[in-house]
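Participant: Here's a structure for you.
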Amino acid sequence: MTEILTYLIIFLFSYTGVGLLRRWVVRKEILDIPNERSSHSVPTPRGGGLIIVLVSLAFYVAGSFFLPINFHRSFFIGAFLIALISWLDDLFSISFGWRFLVHSLAAILVISDLGFWQEIYLPFYGSLPTPGLLGAILTFCWIVWLTNAFNFMDGIDGIAGLQAVTAGIGWLIVGKMLGAEDAAIFGAVLAFSSLGFLLHNWQPAKIFMGDVGSAFLGYGFAVLPLLPEKNANSNLLPVIAFVLVFCFVFDSVLTFLKRLLKKEKVWEAHREHIYQKLVIRGYSHQFVTSLYGAISVIIGGILIFLFY
């Protein structure tokens, strides 16, 4: 009952907070101005993801006192640093180099404290050992990539918020089944804080998430499989993390490789993602977002069935 009440409060705080923040950013004229790469046509307030950050981190700290989760200073500091550089990017446009440096620092902080993947379970194969430096490199690349992938994929109304909701609920269910309480609870925190934002961001969006929200969510979901301490199913957690955000990983990796082969500047903004091409072809933001959400629910449902 305490957890259910907590998630309801998180949702209400997020929904109310985004509404209040929207009024402030409109007054300050913190707007996303459309350009040739945009998927929207009118100036729209941005930075709503700041509320996701504040609500999630506040309840992460508070939850360590009355919920069965551990507080990890390295994760909190890393999340704060990523949110800070991303908020500054929303306001002033920070170069990719500085953002990548902070993302890397946040990843190193977590790995140095929580460790890295010692082995990864691969379906139809079994456990794959990833000892020493190999495991550290794989974990580092995963954290940095997903932090940026969420940012890359936050290009149309609702898509990043809905992915966070489906992935977070997936973590809540699977985490409980595997005894990974930290991942289950914080996954739910991310889900319900994102749901409060999503109601403002559904097409037509009243406010955008901004880098502050998308980068934070990417980092949060990337680190989730490292949060549970001494879990007997720790080798399963990396593949669960991958599966629950499969749509975002698949789209971002495929697009990155295609642009790399074309020798394009992969760090620059573009409209080459699958979801962007669907919108260009005339499908609505609502349809494309719902399609990605439905695929995520189906994949998550299969995952839950396999562990039931």
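The values are calculated or read from the model by the stated rules, or taken from the named source; none is laboratory data. Here the structure is a predicted model, which is why all the values come from computation and not from measurement. With ideal geometry, Cβ positions are generated from the backbone for all residues, glycine too; neighbour counts draw on all protein chains shown.
Participant: If I ask for residues that are crowded, with 24+ Cβ neighbours inside 10 Å, assigned to a helix (DSSP H, G or I) and in contact with a helix residue (DSSP H, G or I) (Cβ under 7 Å, 6 or more places away or on another chain), which ones from the range 167-184 would you list?
Facilitator: A167, G168, G170, W171, V174, G175, A183, A184
Participant: For the range 179-229, give me each residue that is over 23 Å from L5 (Cα atoms) and polar (S, T, N, Q).
Facilitator: Those that are over 23 Å from L5 (Cα atoms) and polar (S, T, N, Q): N201, Q203, S214.
Participant: If we scan the range 78-95, do we find a residue that is touching a Gly at 6+ places or on another chain (Cβ under 6 Å) and closer than 27 Å to N35 by Cα? Before the answer, list the steps.
Facilitator: Going through the range 78-95, the residues touching a Gly at 6+ places or on another chain (Cβ under 6 Å) turn out to be 90.
Filter once more, keeping what is closer than 27 Å to N35 by Cα: 90.
Yes, there is a match, as at least one residue in the range 78-95 is touching a Gly at 6+ places or on another chain (Cβ under 6 Å) and closer than 27 Å to N35 by Cα.
Participant: Right, another one. Might you check whether a residue that is under 24 Å from A79 (Cβ atoms) and out of contact with any strand residue (DSSP E or B) (no Cβ under 6 Å at 6 or more places or on another chain) occurs anywhere in the range 258-268?
Facilitator: Yes, the range 258-268 has at least one match.
Participant: Among the numbered criteria (1) under 27 Å from D89 (Cα atoms); (2) modelled with pLDDT of 95 or more; (3) not aliphatic (A, V, I, L, M), which one does W171 miss?
Facilitator: So W171 meets the others, but not (1).
Participant: Starting from residues that are within 20 Å of the chain's Cα centre (by Cα) and touching a residue at least 40 places away in the same chain (Cβ under 8 Å), keep the ones in the range 86-98 and report whichever is surrounded by the most Cβ atoms within 10 Å (Cβ to Cβ).
Facilitator: S86
Participant: Tell me, please, whether a residue that is in contact (Cβ under 8 Å) with a residue 24 or more places away in the chain, in a helix (DSSP H, G or I) and of a type in the set (V, I, T) can be found in the range 112-130. Let's see the steps before the verdict.
Facilitator: Filtering the range 112-130 down to residues in contact (Cβ under 8 Å) with a residue 24 or more places away in the chain leaves 112-123, 127.
The next check asks that each one be in a helix (DSSP H, G or I); those that pass are 112-114.
Adding the requirement that they be of a type in the set (V, I, T) leaves none.
The answer is no; no qualifying residue exists.
Participant: Show the residue pairs meeting these rules: Cβ distance below 6 Å; 6+ apart or different chains; first residue within the range 39-51 and under 11 Å from M209 (Cα atoms); second residue crowded, with 18+ Cβ neighbours inside 10 Å and of a type in the set (K, R).
Facilitator: P45/R22
Participant: Give the residue that is farthest from F92 (Cα to Cα), with candidates limited to residues of the range 41-66 that are surrounded by fewer than 19 Cβ atoms within 10 Å (Cβ to Cβ) and at pLDDT below 95. Break it down into steps so the answer makes sense when it comes.
Facilitator: At the first step, the residues of the range 41-66 found to be surrounded by fewer than 19 Cβ atoms within 10 Å (Cβ to Cβ) are 41-43, 54, 58, 61-62, 64-66.
Next, only the ones that are at pLDDT below 95 stay: 41-43, 61-62, 64-66.
Working: S41: 21, V42: 20, P43: 17, V61: 29, A62: 32, S64: 34, F65: 37, F66: 38 Å.
For the range 41-66, the residue satisfying everything is F66.
Participant: Pick out, from the range 193-308, the helices (runs of 4 or more DSSP H) lying fully within it that include 1 or more residues that are surrounded by fewer than 23 Cβ atoms within 10 Å (Cβ to Cβ) and in contact (Cβ under 8 Å) with a residue 60 or more places away in the chain. Before you say what the answer is, go through the steps one by one.
Facilitator: Working: elements: 210-223, 237-244, 246-261, 274-280, 285-307.
Where helices (runs of 4 or more DSSP H) fall fully within the range 193-308 and carry at least 1 residues being surrounded by fewer than 23 Cβ atoms within 10 Å (Cβ to Cβ) and in contact (Cβ under 8 Å) with a residue 60 or more places away in the chain, they are 237-244, 246-261, 274-280, 285-307.
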